[in-house]
Amino acid sequence: MNTIVIIGGDAAGMSAASKIKREMKESDVIVYERGEHISFSACGMPYWIGGTIESDEDLLVLTPEVARNIRGIDVRMRHEVTAINRAEKTVDVRNLDTGEIARQAYDKLVIATGASAVRPPIPGMYRPGVFTLRALSDSQRIYAYMAATEPQTAVVIGGGYIGVEMAEALIDRGLEVHIVEMLPQIMPNFDADMVDEVTEHLREKGVQLHLNVGSDGVSEVDGRLAVGLGEQEAIVANLVLVSVGVRPNSQLAAEAGLALGSSRAIRVDDHMRTDDPDIYAAGDCVEHHHIVLGEDVWIPLAPSANKGGRIAGENISGSDTSFPGILGTAVVKVFDYTMSVTGLTERGAIESGKFGANGEFVGSAAISAYDKAHYWPGAEKIKAKLVIDKRDGHILGAQLVGKAGVNKRIDIIATAITAGLTVDQLGLLDLSYAPPYSPVYDPVQVAANVVMKQVG
Ligand code: FAD
């Protein structure tokens, strides 16, 4: 009988486990999870904290009981894998409740250890009232702290997507909210010219933005938290959320001698196999092949974690399934706006050095067009930016920002890039039209027609 051991019980790990157990009913599938939950929607946590989602239980996709009793997966909670012994094909596991260490043999191993929130090396990052948000238990701690202390002011350090989503959640809960961002713009995975409207919108909604300034630490003043801003006056708050990014949990793999990529995430092939044929890895702990760049990159997002886990499971079960790669397609709600991105930004394309030493082959155009027929009640403008390779018109990436119709339009462009379409082909795609849904020339095609002029 096959024994499959999986390290980590969230999106990637449980996708792999479920697939293997479905395909190989006789196998023993053991999932070690060091935390308190398996399979939860991290992406929904800001909306629970903000009050849109009523209960944290709604965020649970699968409980250990259901995984065990219905799916037949041997889930072992609060068990941390501390070492992978490749020569003898075992893992060392610590029971976090008893401290006991045991050794478990595997035929195949899946590393699905995800990523951890980074706390920058500045003072005060572990003070009470200073939080990061990664696991469901983090959101429960924030929720309980808010219920117990009724904070009035919050500082969010980091203006990426989690910081911005949490700023909205905290405003919804009636707090005064500040975002401190070291860079000159929020949402650094968008080009600077695509964030202006949203930046203004955040201010309109009451978020106080402190751009171009890094925090140098959090101290305690009269029972409150003072977030230092170097030369500038500190912000005094009752709650601080640190959302400056994540790092891959790849230490176990590295200690076992498995290859890591330049991002320090685990290197896998298109079958989600590491350089050990008996060890697979998936999710936020691995690099994925970037379809436009043609190289491996680390962009930790839920869709690739779920798919990568499933594909690892399929291949362990005897299939021959390849993961085609990623574009980093993402969508974020910012109050009344939606921002979406796929592929490379203009800045990313230039910096990659793949489109001319100084990015001279990178073309781009940003347009503004209605999401529905202009006369349709409630029609809203979308700002759409397309980035192309001017030499042959291939689409390198896109960003869309607006109040409506932004989320699924980005998926048209992700599909076009994956299919290798050029911008003139995108401009002529036979997309649907009726006044309540889109203009006769969809904003995506308006952008395509404008940027097409730069080709050649
Ligand atoms: P993880 O979710 O990190 O799970 C890894 C698991 O492994 C953890 O449970 C951990 O406890 C366990 N583990 C680690 N090491 C060990 C060990 N040694 N032994 C045992 N167990 C171990 N993505 C999107 O695409 N869209 C979104 O809107 C979005 N919103 C998000 C909002 C928030 C607030 C957060 C935090 C993330 C969001 N993400 C979003 C990212 C998404 O949640 C992740 O991409 C996804 O959870 C990755 O799944 P994973 O299984 O690879 O890793």
At q = 0.16 Å⁻¹, what log₁₀ I(q)/I(0) does a Debye calculation on the Cα points of segment 323-371 give, no solvent, two decimals? -0.65
Which three extents, in whole angstrom, do the alpha-carbon atoms of segment 81-223 cover along their principal axes, largest first? 59, 40, 27
Distance in nm between pseudo-label sites at C43 and A254 (7 Å out along the Cβ direction from Cα): 2.9 nm
Treating each Cα of segment 254-338 as an identical point scatterer and ignoring solvent, apply the Debye formula and state log10 I(q)/I(0) at q = 0.14 Å⁻¹. -0.48
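I need the shape label for segment 301-452. Rule: rounded when a/c is under 1.5, else prolate if a/b > b/c, else oblate, with a, b, c from the alpha carbon gyration tensor.
oblate
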Residue span D269 to S432: 0.36 nm per residue of separation minus Cα-Cα distance leaves a gain in nm of 54.9 nm
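Using only the Cα atoms of segment 220-261, build the gyration tensor, take square roots of its eigenvalues as a ≥ b ≥ c, and label the shape rounded, prolate or oblate: rounded if a/c is under 1.5, else prolate if a/b is larger than b/c, else oblate. Mind showing how you got there, number by number?
Numbers: a/c = 4.64, a/b = 3.22, b/c = 1.44.
In terms of gyration-tensor shape, prolate.
As a quick test, which of the pairs K354/K383; K372/K453; K354/K381 have an alpha carbon distance above 28 angstrom in this structure? Write down the numbers at each step before the final one.
Values: K354/K383 26 Å; K372/K453 25 Å; K354/K381 33 Å.
Those over the limit are K354/K381.
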Would you list V207, V5 from fewest to most Cβ contacts within 10 Å? V207, V5
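Can you give the Rg to Rh ratio of segment 123-186, both from alpha-carbon atoms, with Rh computed by the Kirkwood formula?
Details: Rg = 11.7 Å, Rh = 12.4 Å.
Reported Rg/Rh, Kirkwood definition of Rh: 0.95.
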Give the peptides 303-316, 249-262 in descending order of average Cβ contacts within 10 Å, highest first. 303-316, 249-262
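What is the Cα convex hull volume of segment 94-137 when expressed per residue in Å³?
On the way: hull volume 6.6 nm³, N = 44.
Convex hull of Cα atoms, per residue: 151 Å³.
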For segment 342-358, in order, what is each residue's ³J(HN,Hα) by Karplus, 6.51 cos²θ - 1.76 cosθ + 1.60 with θ = phi - 60°, in whole Hz (x at glycine and Pro)? 9, x, 8, 6, 4, 4, x, 5, 5, 5, 5, x, 8, 10, x, 4, 10
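Assign one of three labels to segment 153-256, namely rounded, prolate or oblate, based on the Cα gyration tensor with a ≥ b ≥ c the square roots of its eigenvalues; rounded applies when a/c is under 1.5, prolate when it is not and a/b is larger than b/c, and oblate otherwise. Can you show the working numbers first?
On the way: a/c = 1.71, a/b = 1.17, b/c = 1.47.
Here segment 153-256 falls in the oblate category.
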Log10 I(q)/I(0) at q = 0.17 Å⁻¹ for segment 196-336, from Debye over equal alpha-carbon scatterers, is -0.94
Karplus 3J(HN,Hα) series, Hz, for segment 43-54 with 6.51 cos²θ - 1.76 cosθ + 1.60 (x for Gly, Pro): 5, x, 4, x, 7, 6, 4, x, x, 5, 9, 5
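Before anything else, pin down the relative contact order of segment 315-456: Cα pairs under 8 Å, at least 6 apart, normalised by residue count, whole percent.
Details: 288 pairs, mean separation 36.0, N = 142.
Relative contact order of segment 315-456: 25 percent.
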Phi-based couplings in Hz for segment 434-444 (Karplus 6.51, -1.76, 1.60; Gly and Pro marked x): 7, x, x, 10, 6, x, 5, 9, 4, x, 4
With the calculation restricted to Cα positions, what are the radius of gyration and Dmax of segment 389-456 in angstrom? 11.8, 37
List the extent of the Cα atoms of segment 1-107 along each of their three principal axes, largest first, rounded to whole Å. 49, 33, 20
Those lysines that a straight Cα-Cα span of less than 19 Å connects to K25, excepting residues fewer than 8 apart in one chain: K108
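Can you give the relative contact order of segment 234-387 as a percent, counting alpha carbon pairs under 8 Å and 6+ residues apart? Intermediate values should be presented prior to the final figure.
Numbers: 214 pairs, mean separation 19.7, N = 154.
It rounds to 13 percent for segment 234-387.
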Residue span A147 to D107: 0.36 nm per residue of separation minus Cα-Cα distance leaves a gain in nm of 9.7 nm
Give the relative contact order (percent, whole number) for segment 89-234; include only Cα pairs under 8 Å separated by 6+ residues. 17 percent
Give the aspartates and glutamates whose C-alpha is closer than 15 Å to that of K205, dropping any in the same chain fewer than 8 places away, or say none. E165, E168, D172, E176, D196, E197, D336
Using 1/(1 + (r/R0)^6) with R0 = 45 angstrom and r between the beta carbons of Q454 and V118, what's the FRET efficiency to the nearest 0.05? 0.70
Shape parameters for the chain, alpha-carbon atoms, Rg then Dmax in Å: 23.3, 70
What is the distance in Å between the Cα centres of segment 312-381 and segment 1-41? 31 Å
Need the list of aspartates and glutamates near K390 for cross-linking: C-alpha distance under 15 angstrom, and skip anything on the same chain fewer than eight residues off. E346, E360, D424
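Once the Cβ-Cβ distance between Y126 and E26 is put in as r, and R0 is 56 Å, what FRET efficiency do you end up with, to the nearest 0.05? Before the final figure, lay out each step's value.
On the way: r = 46 Å, r/R0 = 0.83.
That gives a FRET efficiency of 0.75.
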Once amide H atoms are built 1.01 Å from N in the peptide plane, which residues 5 or more positions from A365, or in another chain, come under 5 Å H to H? L386
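Bear in mind these aren't lab numbers, they're just calculated from the coordinates by the rules spelled out. The structure presented is a predicted model; accordingly, all values stated were derived computationally and were not measured. Please note: Cβ atoms are built from the backbone with ideal geometry, for glycine as well, and neighbour counts cover all protein chains shown.
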